[in-house]
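*Asks:* Structure below; questions to follow.
The values are calculated or read from the model by the stated rules, or taken from the named source; none is laboratory data. Values in this document were obtained by computation on a predicted structure and should not be read as measured data. Cβ sites come from the backbone with ideal geometry, for glycine too, and all protein chains shown count toward neighbours. Note: areas computed on protein heavy atoms with side chains; ligands, DNA, RNA excluded. Shrake-Rupley method; radii C 1.70, N 1.55, O 1.52, S 1.80 Å.
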Amino acid sequence: MAKIETLDNNRVKIEIDVTAEQFEAGLDYAYDQIKDDVDIKGFRKGKVPRHVYEQHKGVQSLYEEALNYVLQETYSDVIEKESLEVVAQPKIDLDVSKLEKGKGFTYTATVAVKPDVELGEYKGFEYEHESIDVTDEEIDAKIDALLGQNAELVLKEDGALEENDTAVFDFEGFVDGEPFEGGKADNHEMVIGSNQFIPGFENQMVGMQPGEEREIKVQFPNEYQAEHLAGKDAVFKTKLHEIKVKQTPELTDEFVKELDKEGVGTIDELKADTKETLVQEKEETSKNKAIDFAVEEAAKNATIDIPEEMIEQEKNRQMDNVKRQAQQYGIDFDTYLQLTGTDKETFEKNAREQAEKSIRYNLTIEAIAEKEGIDADQAEIDAKFEELSKQYNMDVEQIKEQVNDAAVKQEVVFRKTIDFLVENLETE
Amino acid sequence: MLASEIVKRPIITEKSMQLVENENKYTFEVDKRANKIEIKKAVEALFDVTVLKVNIINTTPKKKRVGRYEGYKNELSKAVVTLSEEDKIEIFSA
């Protein structure tokens with residue numbers, strides 16, 4: 001049976017007794033796991049009785065697996081019986097040296113439980129929604145950008161290489177008179193001023209004529225990714241083949257037609273369409289800002305004593321996410337830190353802050369939902385499933401297999417609560 | 001002969017464990033020279049049990065060759081000892 005003691009910071013210490021029978025069952029389970037690989041003379045594999053195995057290898061060899069099993073069983077039993085809302089992995093305290101076959105034992109588990117939220121004011125914050133008006137300038141800028149995207153590179157008939165031109169050229173780099181790896185390319189295309197190359201390289205090319213050859217002297221930066229080159233002087237032999245310039249198309253009805261957008265055939269229609277998109281974008285950002293504001297204010301006014309373990313766990317989860325993403329791009333975590341210009345400590349500190357914030361937000365929203373009696377009915381849950389199935393392009397049935405109802409329900413309640421908060425902002 | 005000289009070691013195999021479980025029979029390797037009566041007395045003395053029956057199996061030695069040397073595996077005798085129902089021998093079971 002279990003004794004429960006409440007500690008500070010929303011943590012609970014549970015003392016759990018394990019009976020001899022439970023321990024024995026654990027040992028049985030543990031032996032079952034390894035049984036097929038036990039090889040003892042006189043027995044076929046998998047046919048060795050447990051007591052024979054224990055005589056040979058000692059019962060201690062089963063402890064680890066058995067404990068895993070027994071602790072898991074008894075612990076979740078207690079959690080269920082006492083209906084504790086655990087929010088982090090438990091810390092188990094157990095004296096292994098006191099274990100003895102055929103006897104029960106006692107261990108303690110210290111776990112963080114979901115903290116109580118003491119809500120403060122969460123309605124009626126004064127807030128001014130961001131304007132969603134779209135000006136003509138914004139529309140023009142958007143259309144200009146569109147024209148820019150559709151610009152074509154055309155050969156520059158005459159003139160020298162200038163900023164923003166695209167150079168097509170060969171190059172070969174030498175350090176101390178020796179060519180080095182990766183320092184050579186033919187027909188390389190580069191926009192002058194894009195700073196793709198070593199600082200100074202692009203500037204020195206300005207003014208070249210097609211067909212011209214030029215030697216460019218640069219120094220590799222001290223912090224260059226290829227260490228053996230860092231800080232070294234280098235000479236690049238370059239030969240310019242072609243100069244290309246961007247030519248943006250004129251805004252005409254023909255151009256609009258070529259875009260092949262549905263219902264958009266003239267300049268005016270394009271403008272109207274652009275306006276609509278802009279309004280939608282602005283509505284979206286404005287709404288998001290209102291949400292951020294409402295949730296943040298509500299969370300600020302709530303008093304929550306978040307257990308350290310809960311933050312730690314969330315932090316680790318977030319960091320794992322980042323690491324996994326970095327891996328997907330084929331870079332390791334250290335490189336990622338370098339690229340983003342942080343070190344491990346700052347990153348961890350930020351992650352921790354983030355974790356605390358998101359926990360605080362979530363708990364606040366949950367508490368508000370409970371207090372306001374915001375709930376989701378089956379129809380709403382079904383609608384959410386419908387939405388998910390569209391989003392992931394899967395059948396509703398498939399989604400239902402992978403996502404459980406409770407999670408979706410929580411999500412729906414969450415959204416509704418946020419909407420509720422935004423509706424209850426005091427706007428002018 | 002001493003009891004510990006007659007009974008050399010328990011034989012613990014799948015088959016012998018089955019005999020223990022199902023028929024309360026315990027298998028030992030015993031000295032070749034011992035007879036059933038001596039074995040019975042030795043087992044009773046060593047394990048403090050009542051022996052009902054003793055069966056002896058003599059194994060034929062197998063020919064073994066290591067390089068150019070020829071020889072035999074040890075010749076041994078096994079004794080299957082039946083105990084009275086209430087008796088048990090610890091080393092065979094947990």
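*Asks:* Can you find a residue that is touching a residue at least 40 places away in the same chain (Cβ under 8 Å), within 14 Å of another protein chain (Cβ to nearest Cβ) and of a type in the set (D, E, K, R) anywhere in the range B:2-16?
*Replies:* Looking for residues that are touching a residue at least 40 places away in the same chain (Cβ under 8 Å), within 14 Å of another protein chain (Cβ to nearest Cβ) and of a type in the set (D, E, K, R), one finds none in the range B:2-16, hence no.
*Asks:* Considering only the range B:79-94, I want to know if a residue exists there that is away from chain A (no Cβ under 14 Å), touching a helix residue (DSSP H, G or I) at 6+ places or on another chain (Cβ under 6 Å), under 21 Å from A:Gly42 (Cβ atoms) and surrounded by 11 or more Cβ atoms within 10 Å (Cβ to Cβ). Working first, answer last.
*Replies:* Step one: list which residues in the range B:79-94 are away from chain A (no Cβ under 14 Å), which gives B:79-87.
From what's left, touching a helix residue (DSSP H, G or I) at 6+ places or on another chain (Cβ under 6 Å): B:79, B:81.
Next, from what is left, pick out any that are under 21 Å from A:Gly42 (Cβ atoms): B:79, B:81.
Next, from what is left, pick out any that are surrounded by 11 or more Cβ atoms within 10 Å (Cβ to Cβ): B:79, B:81.
Yes, the range B:79-94 has at least one match.
*Asks:* Shifting gears a bit: Would you point out which residue out of A:Asp260, A:Asp292 is modelled with pLDDT of 85 or more, open to solvent by 80 Å² or more (accessible area, probe 1.4 Å) and either at negative phi or charged (D, E, K, R) (or both)? Write out each step before concluding.
*Replies:* Values: A:Asp260 fails: modelled with pLDDT of 85 or more.
The match here is A:Asp292.
*Asks:* In this structure, does A:Asp419 turn out to be open to solvent by less than 90 Å² (accessible area, probe 1.4 Å), in the same structural domain as A:Gln313 (by TED's automatic domain parsing) and acidic (Asp, Glu)?
*Replies:* On the way: open to solvent by less than 90 Å² (accessible area, probe 1.4 Å): yes; in the same structural domain as A:Gln313 (by TED's automatic domain parsing): yes; acidic (Asp, Glu): yes.
Judged against the criteria, A:Asp419 is a match.
*Asks:* Can I ask one more? For the range B:25-37, indicate whether the set of residues that are within 14 Å of chain A (Cβ to nearest Cβ), within 27 Å of A:Gly46 (Cβ to Cβ), without any contact (Cβ under 8 Å) to a residue 24 or more places away in the chain and under 13 Å from the mean Cα position of the chain (by Cα) is non-empty.
*Replies:* No, the conditions are met nowhere in the range B:25-37.
*Asks:* Now for a separate question. Would you confirm, using the coordinates I've provided, whether A:Tyr69 is in a helix (DSSP H, G or I), surrounded by 18 or more Cβ atoms within 10 Å (Cβ to Cβ), within 14 Å of another protein chain (Cβ to nearest Cβ) and touching a helix residue (DSSP H, G or I) at 6+ places or on another chain (Cβ under 6 Å)?
*Replies:* no
*Asks:* Which residues, counting only those in the range A:29-42, are within 12 Å of another protein chain (Cβ to nearest Cβ) and open to solvent by less than 20 Å² (accessible area, probe 1.4 Å)?
*Replies:* Residues of the range A:29-42 that are within 12 Å of another protein chain (Cβ to nearest Cβ), as a first pass: A:31, A:40-42.
If the condition is that a residue be within 12 Å of another protein chain (Cβ to nearest Cβ) and open to solvent by less than 20 Å² (accessible area, probe 1.4 Å), then A:Tyr31, A:Ile40 are the ones that fit.
*Asks:* Can you tell me which residues in the range A:265-275 are at pLDDT 75 or above and either more than 17 Å from A:Val134 (Cα to Cα) or in contact with a Pro (Cβ under 7 Å, 6 or more places away or on another chain) (or both)? If you could, list the steps in order and put the result at the bottom.
*Replies:* Applying the first criterion (at pLDDT 75 or above) to the range A:265-275 yields A:266-275.
Residues satisfying the conditions are A:Thr266, A:Ile267.
*Asks:* Kindly check whether there is at least one residue in the range A:189-197 that is surrounded by 13 or more Cβ atoms within 10 Å (Cβ to Cβ), aliphatic (A, V, I, L, M), outside the structural domain of A:Leu278 (by TED's automatic domain parsing) and part of a loop (DSSP other than H, G, I, E, B).
*Replies:* Scanning the range A:189-197 turns up at least one residue that is surrounded by 13 or more Cβ atoms within 10 Å (Cβ to Cβ), aliphatic (A, V, I, L, M), outside the structural domain of A:Leu278 (by TED's automatic domain parsing) and part of a loop (DSSP other than H, G, I, E, B).
*Asks:* Is there a residue in the range A:80-91 that is of a type in the set (S, T, N, Q) and modelled with pLDDT under 80?
*Replies:* Yes, there is a match, as at least one residue in the range A:80-91 is of a type in the set (S, T, N, Q) and modelled with pLDDT under 80.
*Asks:* Could you say whether any residue in the range A:213-226 is among the basic types (Lys, Arg), open to solvent by 80 Å² or more (accessible area, probe 1.4 Å) and part of a strand (DSSP E or B)? Before you say what the answer is, go through the steps one by one.
*Replies:* First, pick out the residues of the range A:213-226 that are among the basic types (Lys, Arg): A:214, A:217.
Of the ones still in play, those that are also open to solvent by 80 Å² or more (accessible area, probe 1.4 Å) are A:217.
Subsequent filtering for residues that are part of a strand (DSSP E or B) retains A:217.
Checked the range A:213-226: at least one residue is among the basic types (Lys, Arg), open to solvent by 80 Å² or more (accessible area, probe 1.4 Å) and part of a strand (DSSP E or B).
For (1) under 31 Å from the mean Cα position of the chain (by Cα); (2) within 14 Å of another protein chain (Cβ to nearest Cβ), each residue gets a yes or a no:
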position	(1), (2)
A:Gly58	no, yes
A:Glu73	no, no
A:Glu80	no, no
A:Glu85	yes, no
A:Val111	yes, no
A:Lys114	yes, no
A:Val117	yes, no
A:Glu137	no, no
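*Asks:* Does the range A:131-158 hold any residues that are in a loop (DSSP other than H, G, I, E, B) and loosely packed, with under 10 Cβ neighbours inside 10 Å, and which are they? Working first, answer last.
*Replies:* Residues of the range A:131-158 in a loop (DSSP other than H, G, I, E, B): A:131-135, A:150-151, A:156-158.
Those that are in a loop (DSSP other than H, G, I, E, B) and loosely packed, with under 10 Cβ neighbours inside 10 Å: A:Ser131, A:Asp133, A:Glu157, A:Asp158.
*Asks:* Quick one: which of A:Ala376, A:Ala355, A:Ala351, A:Ala367 is small (Gly, Ala, Ser), modelled with pLDDT under 85 and open to solvent by less than 70 Å² (accessible area, probe 1.4 Å)?
*Replies:* Working: A:Ala355 fails: modelled with pLDDT under 85; A:Ala351 fails: modelled with pLDDT under 85; A:Ala367 fails: modelled with pLDDT under 85.
Being small (Gly, Ala, Ser), modelled with pLDDT under 85 and open to solvent by less than 70 Å² (accessible area, probe 1.4 Å) holds for just one of A:Ala376, A:Ala355, A:Ala351, A:Ala367, which is A:Ala376.
*Asks:* Tell me, which residue of the range A:76-119 that is part of a strand (DSSP E or B) and open to solvent by 90 Å² or more (accessible area, probe 1.4 Å) is nearest to A:Thr303 (Cα to Cα)? First the steps, then the outcome.
*Replies:* Initial filter on the range A:76-119 (part of a strand (DSSP E or B)): A:86, A:91-93, A:105-113, A:117-118.
Checking which are open to solvent by 90 Å² or more (accessible area, probe 1.4 Å) leaves us with A:91, A:93, A:118.
On the way: A:Lys91: 26, A:Asp93: 31, A:Glu118: 5 Å.
Only one residue tops the list, namely A:Glu118.
*Asks:* Search the range A:26-54 for residues that are farther than 22 Å from A:Asn68 by Cβ and not assigned by TED's automatic domain parsing to the domain that holds A:Phe105 and pair each with any residue that is open to solvent by 40 Å² or more (accessible area, probe 1.4 Å) and modelled with pLDDT of 90 or more when their beta-carbon atoms are under 7 Å apart and the residues are at least 6 apart or on different chains.
*Replies:* none
*Asks:* Pull out all pairs, ordered by first then second residue, where Cβ-Cβ is under 9 Å, the residues are six or more apart or on different chains, the first lies in the range A:397-421 and is farther than 15 Å from A:Asp375 by Cβ, and the second is of a type in the set (Phe, Trp, Tyr) and open to solvent by 60 Å² or more (accessible area, probe 1.4 Å).
*Replies:* A:Gln398/A:Tyr392; A:Ile399/A:Tyr392
*Asks:* While we're here: Given A:Val48, A:Val52, which one is part of a helix (DSSP H, G or I), at the interface with chain B (Cβ under 10 Å from one of its Cβ atoms), out of contact with any Leu (no Cβ under 9 Å at 6 or more places or on another chain) and buried (at least 17 other Cβ atoms within 10 Å of the Cβ)?
*Replies:* Working: A:Val48 fails: part of a helix (DSSP H, G or I).
Just a single option satisfies the conditions, and that option is A:Val52.
*Asks:* Let me ask something additional. Evaluate the range B:48-69: report whether one residue or more is within 26 Å of A:Val59 (Cβ to Cβ) and touching a residue at least 12 places away in the same chain (Cβ under 8 Å). Break it down stepwise before answering.
*Replies:* Initially, the range B:48-69 is screened for residues within 26 Å of A:Val59 (Cβ to Cβ), giving B:48-49.
Those left that are additionally touching a residue at least 12 places away in the same chain (Cβ under 8 Å): B:49.
Yes: the range B:48-69 contains one or more residues that are within 26 Å of A:Val59 (Cβ to Cβ) and touching a residue at least 12 places away in the same chain (Cβ under 8 Å).
*Asks:* Hand me the list of helices (runs of 4 or more DSSP H) wholly inside the range A:375-428 holding 1 or more residues that are among the small types (Gly, Ala, Ser), within 19 Å of A:Thr364 (Cβ to Cβ) and touching a helix residue (DSSP H, G or I) at 6+ places or on another chain (Cβ under 9 Å). Give the steps one after another, and end with the answer.
*Replies:* Values: elements: A:378-392, A:396-402, A:405-423.
Where helices (runs of 4 or more DSSP H) fall fully within the range A:375-428, none carries at least 1 residues being among the small types (Gly, Ala, Ser), within 19 Å of A:Thr364 (Cβ to Cβ) and touching a helix residue (DSSP H, G or I) at 6+ places or on another chain (Cβ under 9 Å).
*Asks:* Considering (1) in contact (Cβ under 8 Å) with a residue 12 or more places away in the chain; (2) aliphatic (A, V, I, L, M); (3) open to solvent by 20 Å² or more (accessible area, probe 1.4 Å), say which one A:Leu161 fails and leave the rest.
*Replies:* That leaves (3) as the condition not met.
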